[in-house]
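Encoded as structure tokens, the structure appears first; notes follow it.
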Amino acid sequence: MIKNDLNTSEYDWNAINSKWVNMRALAMMALDGTSFHQDATNLEQVGDLSDYNRGDIRGIRLGVGGTINFDRAWTYLASGSVNSFAHDFNSTKDDRFTLFDFVLGIPVWGEYTRVQIGKMKEPISMERTMGMVFEQVMERPMHLDALLSSRNTGISISNLVADKRITWKAGFYSRYFERGTNSWSKSNRQAVVRVTTVAYEDKEAQRLLHLGTAYRYEDIREKTVRYDVGPEQYFVDPWLDTGEFTADSSNTVNLELTYLDGPLWLASEYTATAVDAPQSRNPIFKGFHVAANYFFTGEHREYNYRRAVVRRITPILDFSKEGWGAVELSARYSYMDLSDRAIKGGEMDITSLGLIWHPRRDIQFHVQWSRANLDKASSQTGRYPLNGHADIMQFRLLLVVD
């Protein structure tokens, strides 16, 4: 059960199996290198980024996951990050340790219905649900980082029905448990639901079409809200930023499409957030991305029916089998607009091309070029709009134990 939920490998050296409890150690380390090349307009918009031309630890994750072996097994997962400076990992630059997941899964009825309690990912977006380092491009698309939370604390219920063709998951969350700075009555609350379907499948031809939709409502009891995001770089200050503005609530819709056809993986998502903010004339922020990946070495990504996500890759012939592993080409275009009505947060599109080498299932090398085009006012003179661009080269070494 835990292998199906977490996409873990068949290794056993890092596992403890007993009559009452099964436990598996989990670890991940990502080492990144980045280089920025800015034009004069981009320098005027966001400042000089030459200090960010460096190598970094993208993240060091440690955790345990497993089952508690009642008549119907419960699942658990606890994970955190050491010295993670990642925006996406929900940490600040001063954090020494960040808790990601602390969640207990309890089967309630039928074969697949489960309640989860604790800190977990909100059930919205395939890309948000998947592990970031196993996705199509090195960082998540900016519209998901800007408009969606990563993890939250609360309770959810999920099920898999219609002969494994339809999934649904709904949850209720509150920032009160994590921040603790406001009382329960003055803390933001969120309600989220995601529904997906396998609309078409031909297992013999290795083809599958996944469609999904999700809705998120946030009751903004803290009275203000802010949306911001960088150029799909975890350590760079936001390039798009609405600033703090007064709001009562927000409604977010997310649409998903994924198509698998042998070595080809096509995916797209669209996100729109309508903010109930009369003083700012009720702005709507939106973004989307389209992506394509292709394995030159013939691998095919499998599909996790319970979680409604694409699984990580296992090379056909890795180094342990006297092969060269898997080689993958990646491409993505993403767009984000944080300017609407009284809010002028800026607009940006990013095109990315990458090459990923998987010598083994637990090792990944990634090299990627991105071009970010930014429409935003000058940070020096306030002139608006300005159109600048930056080229970004990224490198990553990923090591995984699961």
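The values are calculated or read from the model by the stated rules, or taken from the named source; none is laboratory data. Keep in mind the model is a prediction, meaning the values are calculated, not measured. For neighbour counting, all protein chains shown are included, and Cβ atoms are generated from backbone atoms with ideal geometry for every residue, glycine included.
At a glance:
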quantity	calculated
One residue from 372, 377, 390 being modelled with pLDDT of 95 or more, more than 22 Å from the chain's Cα centre (by Cα) and under 12 Å from residue 42 (Cα atoms)	390
Evaluation of residue 232 against (1) at negative phi; (2) buried (at least 19 other Cβ atoms within 10 Å of the Cβ) (one fails), failing number	(1)
For residue 273: the one exception among (1) within 30 Å of residue 161 (Cβ to Cβ); (2) in contact with a Leu (Cβ under 8 Å, 6 or more places away or on another chain); (3) surrounded by fewer than 16 Cβ atoms within 10 Å (Cβ to Cβ)	(3)
Those residues of the range 118-144 which are under 26 Å from residue 251 (Cβ atoms) and of a type in the set (Val, Ile, Thr), in sequence order	124, 129
The range 55-69 - residue that is assigned to a strand (DSSP E or B) and over 19 Å from residue 234 (Cβ atoms) and, of those, farthest from the chain's Cα centre (by Cα)	68
Pair list, Cβ < 8 Å and 6+ apart or interchain, from the range 20-35 residues that are touching a residue at least 60 places away in the same chain (Cβ under 8 Å) to residues that are part of a strand (DSSP E or B) and acidic (Asp, Glu)	31/56; 32/56; 33/56; 34/56
Filter result (buried (at least 20 other Cβ atoms within 10 Å of the Cβ) and either at pLDDT below 95 or closer than 30 Å to residue 282 by Cα (or both)) within the range 348-357	348, 350
Failed item, numbered, when residue 217 is tested on (1) surrounded by 15 or more Cβ atoms within 10 Å (Cβ to Cβ); (2) hydroxyl-bearing (Ser, Thr, Tyr); (3) out of contact with any His (no Cβ under 6 Å at 6 or more places or on another chain)	(1)
Qualifying positions in the range 21-63 - modelled with pLDDT of 90 or more, surrounded by 15 or more Cβ atoms within 10 Å (Cβ to Cβ), among the β-branched types (Val, Ile, Thr) and more than 21 Å from residue 241 (Cα to Cα)	34
Residue in the range 127-145 that is within 25 Å of residue 247 (Cβ to Cβ), in a loop (DSSP other than H, G, I, E, B) and out of contact with any strand residue (DSSP E or B) (no Cβ under 7 Å at 6 or more places or on another chain) present	yes
Residues within the range 17-54 that are in a helix (DSSP H, G or I) and among the aromatic types (Phe, Trp, Tyr), tallied	1
Among (1) at pLDDT below 95; (2) among the aliphatic types (A, V, I, L, M); (3) over 26 Å from residue 395 (Cβ atoms), the one test that residue 277 misses	(1)
Among (1) of a type in the set (Gly, Ala, Ser); (2) buried (at least 20 other Cβ atoms within 10 Å of the Cβ); (3) touching a Leu at 6+ places or on another chain (Cβ under 8 Å), the one test that residue 250 misses	(3)
In the range 307-347, the residues that are of a type in the set (D, E, K, R), surrounded by 14 or more Cβ atoms within 10 Å (Cβ to Cβ), over 23 Å from the mean Cα position of the chain (by Cα) and within 29 Å of residue 240 (Cα to Cα)	340, 344
Filter result (at pLDDT 90 or above, within 27 Å of residue 239 (Cα to Cα), of a type in the set (Val, Ile, Thr) and assigned to a strand (DSSP E or B)) within the range 78-126	none
Cβ pairs under 9 Å, 6+ apart, first in the range 266-286 and over 30 Å from residue 311 (Cα atoms), second of a type in the set (Asp, Glu) and assigned to a loop (DSSP other than H, G, I, E, B)	275/248; 276/248; 277/248; 278/248
Filter result (more than 19 Å from the chain's Cα centre (by Cα) and either among the hydrophobic types (A, V, I, L, M, F, W, C) or more than 18 Å from residue 108 (Cα to Cα) (or both)) within the range 148-174	155, 157, 160, 161, 162, 163, 165, 166, 172, 174
